[in-house]
Amino acid sequence: MSDEINIDALDKDELLKLRKDVEKALETIEQRNYQRAMKAADDAAREYGFSLSDLTKAKSGGAAKPANPPKYANPDNPSQTWSGRGRQPKWFIEAREAGKSAEDLEIA
């Protein structure tokens, strides 16, 4: 690189501008690489008679496993739910410690 920058000679504002310029340049490179990768993937898919969206669809060969529907809801924030499987969420544990039963927390 012929245009070397002596960062020790820059003040804070110049360094902040340099950092901003470097971050922008990195984002540009990342976007360009992403576009190249997408084109290469699309070209490869077309070579086999598919579109890229055909290949990104779930094709497991069988029926997809359905997600477990929520069984419990946080009474203080109904958007927080739990299916009853896996690790108990913090709000569920706290509600139980506060004297609520699992039945109290069930979604009607």
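Coordinate-derived values only; no laboratory data. Everything numeric in this text was worked out from a predicted model, so none of it was measured. Note: ideal-geometry Cβ built from the backbone for every residue, glycine included; neighbour counts use all protein chains shown.
What to note about this one:
- Of all stretches in the chain that contain no trypsin sites (Lys or Arg not before Pro) in a DSSP loop with at most 12 other Cβ atoms within 10 Å, the longest one is 1-56.
- Qualifying lysines (Cα of each under 28 Å from Cα of LYS57; at least 8 residues distant if same chain): LYS39, LYS65
- For semi-axes √(5λ) of the Cα gyration tensor in Å, the value computed from the atomic coordinates appears in the list [x] 49, 33, 9; [y] 32, 16, 11; [z] 27, 19, 9 under label [x].
- The modelled label-to-label distance between LYS100 and ALA45, using points 7 Å beyond Cα along the C-beta direction, is 4.4 nm.
- Estimated 222 nm signal from helices in the chain, with DSSP H stretches of n ≥ 4 weighted -39500 (n - 2.57), rounded to 500: -15500 deg cm²/dmol
- Built amide H within the under 5 Å cut-off of LYS71, gap 5+: TRP82, SER83, GLY84
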